[in-house]
Amino acid sequence: MHARNGRQALLPLLPVLALVLTACAAGTTDESASSREAARPRSVQVDQIAGSAAEDVTSALDDPDADDLPDPLIDVDRLISGGPPPDGIPAISEPKFDRAADVDFLEPDEPVLALEVDGVPRAYPVQVLIWHEIVNDTIGDVPVVVTYCPLCNSALAFDRRAADRVLTFGVSGRLYNSDLVMFDRQTESLWPQIEGRAVAGVLTGTELETYPVQTVPWAAWAEANPDALVLNRDTGFDRGYGRNPYIGYDEPGEDPFLLDVDADGRLAAKERVVGLGEGADAVAVVASRLQRAGALELEVSGEPVVLFARKGLRSALDTATIAAGRDVGVTGAFSPVVDGQRLTFERRGDAFIDTQTGSTWTVLGVAEDGPLTGSRLPRVQHVDTFWFAWALFQPDTTIRR
């Protein structure tokens, strides 16, 4: 796809742009929502690790190519305004939670982002993240940031500790490769989400440590984690939680929003893929192929990986109501080694059976029956995303069709 120029070329984008601007409308306290929340169990608030102090340095939000900043890692002319100003889409920095057993606002197949840090599981509903894109949180003694970019359909989580600071992130309002660009409130450096490192500003070149995130159906996660915490809708902002402001955006024939370069033509731009690895080791597994296989073994950076896939996850970017989106399937990426034993798998129905012991495993990588009951497969970092985004950030990627 070629860069679009002029008013005529912009017209097809206006409906999507209007939806993006809707998503960043100024937030106010929702009194009617507050009334409804009053009848629900009291929110759980987690003690948050405070971010480091803001620094008196040149802001890359103002001028990413300023003379007194390090040389940017990208062409800063490709940092494109997506419409909203910085913080126009408000990040969540004082998250509130419900116990999974108390949640009543999610449907069984709705997508939630599943994160586990030091054995502590937590879930972040996409119906909330689609309006905020960033949650600054603390799990145990680890400050994390959980991110979701609707335009790339990409979810990633990072440790907020970097460069001897505890960073706190906001939404810059800019896009790079159509991807969310974050900024940290300490130095106002710029961080494309999928890149996972600062590309402009004082912290240019600094990389964030990632934590694996899995996008899973609510019911599957809640059954496995009934006492764990789930981000709730008590955000202090009036948003259409449960609604999709990007209706029809994941149609394969639709162009990515404000993508200013050609998409890699090896696959359709919005083909769903599972991306793993980086650089010369990067691989993209076509999601539809993975759904047919059920379980797929491959090697990434010299290490064995098994991918699980089954039906039962709604698209957040399809219909007006997220819970009514079409079934796009759920995936998981794991190390197939448990207690030194290499396992191989096949899918049977919605479960996965290892050949070595006959144990039954869930799509969350947990053995629920058989000799290995209670065992967990170590999660592997991966990104469920659109092909155009993965290929632009990992141009040397191979494809498993």
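Rule-based calculations on the coordinates, nothing more; no lab input. Given the structure is predicted, the values throughout are model-derived calculations rather than measurements. Reconstructed Cβ throughout: ideal geometry from the backbone, glycine too, with neighbour counts over all protein chains shown.
Couple of notes before you dig in:
- Across q = 0.17, 0.18 Å⁻¹, the stretch 300-376 modelled as identical point scatterers on its alpha-carbon atoms has Debye log10 I(q)/I(0) values of -0.68, -0.73, in the order of the q list.
- With a simple spin-label model that places each label point 7 Å from the Cα along the Cα-to-Cβ direction, the separation between residue 288 and residue 54 comes to 4.8 nm.
- Estimated FRET transfer efficiency (residue 67, residue 87; beta-carbon r; R0 25 Å; 0.05): 0.45
- Where labels lie 7 Å past Cα in the beta-carbon direction, separation of residue 118 and residue 78 in nm: 3.8 nm
- Global geometry of the stretch 116-192, whether rounded, prolate or oblate, following the gyration tensor of its Cα atoms and the 1.5 cut on a/c: oblate
- Taking amide H as placed 1.01 Å from N in the peptide plane, residue 175 has its amide H under 5 Å from the amide H of 80, 81, 82, each at least 5 places away in sequence or on another chain.
- For the chain, Kirkwood radius (reciprocal of mean inverse C-alpha pair distance, Å): 21.6 Å
- Check: the chain dipole with +1 on Lys, Arg Cβ and -1 on Asp, Glu Cβ, in debye: 1380 debye
- Counting neighbouring Cβ atoms within 10 Å and putting the fewest first, the residues 71, 250, 327 line up as 71, 327, 250.
- Taken as Cα centroids, the stretch 250-266 and the stretch 40-87 sit 26 Å apart, rounded to the nearest whole angstrom.
- When every Cα-Cα distance of the stretch 272-400 is counted in 10 angstrom steps from zero, the calculated P(r) takes the values 13, 41, 33, 13, 1 percent.
- Cut-off 15 Å between beta-carbons: net charge of the residues surrounding residue 87, Lys and Arg +1, Asp and Glu -1: -2
- Computed lengthening from residue 251 to residue 398, 0.36 nm per intervening residue step minus Cα-Cα distance: 50.6 nm
- Likely footprinting exposure, 311, 270, 96, fewest C-beta neighbours within 10 Å first: 311, 96, 270
- The simple spin-label model puts a point 7 Å past each Cα toward its Cβ; for residue 335 and residue 223 those points are separated by 2.7 nm.
- Take the Cβ atoms of residue 299 and residue 43, set R0 to 56 Å, and the FRET efficiency comes out at 0.80.
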